[in-house]
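The values are calculated or read from the model by the stated rules, or taken from the named source; none is laboratory data. Quantities reported herein were computed from a predicted structural model and do not represent experimental measurements. Note that we place each Cβ from the backbone using ideal geometry, even for glycine, and neighbour counts take in every protein chain shown.
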Amino acid sequence: MWSTLKNKDFSIFVFSQTVSQFGDKLDYIALIGIIGLFPQSRTPFLLSQLAIFMTLPVLIFGPIAGVLVDRWHKKKVMVTCDALRMVCALLIPVLFILTENIYPVFGVVFFMFLFTLFFNSARSAIIPNLVTKKQILKANSIVNFVGRAATFLGMGLGGLIVDWYIWPKLIGLAGWTVAFILDAITFGTSAVMLYLMKVKLAEPLKQKKHLEPKGFLLLIRDGLVQVWKELKHAVHEILKEKNLAFAMSSILLMIIAGCIIYVLVIPIVQQDMGWGTKGVGGLAAAGALGLLVGAYFVGVFGHHFDLKNIILACFIVLGGALAIFPFLNNILLFLLVIFIGGIAMSPVFIGQDTLIHHHADEFIRGRMFSIRDWILNCSFVVGALIIGFLATLMKKDFIFIISGIVLVILAIFGWFILARVKSR
């Protein structure tokens, strides 16, 4: 698996992503740290609002981002977005200190995740331009492996950085402020590394005037007609190519587990168990360590199996983890289940990326990943609202058990459908 890193430019790409994703998670923990400054009665509502501001850019601009990224130079998009995210990371503590109001912070969060949307579409689409087709699965495994390592460090260290009492005495700044400064440094470092990376990209299709970067307002004025045509073409390709359709539909299963963790597990750890931000960071670190291990195994052994079967098997494991969650009465068992869930989740991400890389044309690849992210965020918002509503009607334990059983049944059903298609 690691032989792919002999490619110098791919190595630069991997290093930049490691640094950038560490900053992403540090940023998220710092935002939770700010919300933790408010009264406990307001925390769940503020967390839900934070989730909305984080997902709104994808809901509004997701499909458009993919079309534009396919038309623009992907490396320049990544460098520019990292530079702008560095500015946002520095703005957040300044605005909160000056206004003592969370909503200007949410405004900056919206733009930060808008830039992240464009960045992620370009990052996912550019990988096949850095390695050969045979190396794509290994490349995705490496990117996910180091990304999960960065997530593990970002979540684990993020909680310690935010809650470390010595910062005010040492430099006169709160821990969450220090976290945002470190976050800005990571984005700046990533931008420099990406600027130094060399990549050969195919010449983009001849641009319509309203699809040029300077014509973004014209694009809106003209009613997004061309964008709509490009999106219809991408959707047609998804419906025509069964592997792309599988990758997109598997997102809906992944959301079941994701919504449960965000809506129910985080408040349980932070407030019900009294572990605070450090507890959330430790929980996320255990999951990230599992993602790290899962990415390694997929990179080494994944090519021996059908990716779709691996994904469905992982959903069965995730469903089982959700179902047994209410019966855990020990912190070590709690962390072990989160770790196993992380191992199962990693092949899902890698499998989706690899299916899209193998079966989507280079000129629509950005659209595919932006559509994937759009479906992911739309279903996350809807799922989070449903889980939150159900939590007011029934015990949380029942929600865990029912969700786990549903996930297992859907995965087994998908397995039978695949077997039936193969038999034909």
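Values computed for the structure shown
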{"item": "Residue match in the range 70-81 (condition: modelled with pLDDT under 80, buried (at least 24 other Cβ atoms within 10 Å of the Cβ) and either of a type in the set (A, V, I, L, M) or part of a helix (DSSP H, G or I) (or both))", "result": "yes"}
{"item": "Some residue of the range 369-382 being more than 13 Å from Asn144 (Cβ to Cβ) and free of Cβ contacts under 8 Å to residues at least 24 places away in the same chain", "result": "yes"}
{"item": "Unique residue being within 23 Å of Asp163 (Cβ to Cβ) and modelled with pLDDT of 80 or more when the list is Leu84, Leu47, Leu90, Leu56", "result": "Leu90"}
{"item": "Any hit, the range 358-367, residues being within 18 Å of Gly287 (Cα to Cα), among the small types (Gly, Ala, Ser) and not in a loop (DSSP other than H, G, I, E, B)", "result": "no"}
{"item": "Residue count, the range 383-397 (criterion: surrounded by 13 or more Cβ atoms within 10 Å (Cβ to Cβ) and free of Cβ contacts under 8 Å to residues at least 60 places away in the same chain)", "result": "2"}
{"item": "Unique match (being under 17 Å from Leu312 (Cα atoms), part of a helix (DSSP H, G or I) and among the aliphatic types (A, V, I, L, M)) among Ile350, Ile387", "result": "Ile350"}
{"item": "Matching residues in the range 1-17 - criterion: being at pLDDT below 85, assigned to a helix (DSSP H, G or I) and within 19 Å of Ser190 (Cα to Cα)", "result": "Leu5, Gln17"}
{"item": "Residue among Leu153, Leu194, Leu173 that alone is over 13 Å from Gly23 (Cα atoms) and in a helix (DSSP H, G or I)", "result": "Leu194"}
{"item": "Condition met for Lys396 (basic (Lys, Arg) and modelled with pLDDT of 75 or more)", "result": "yes"}
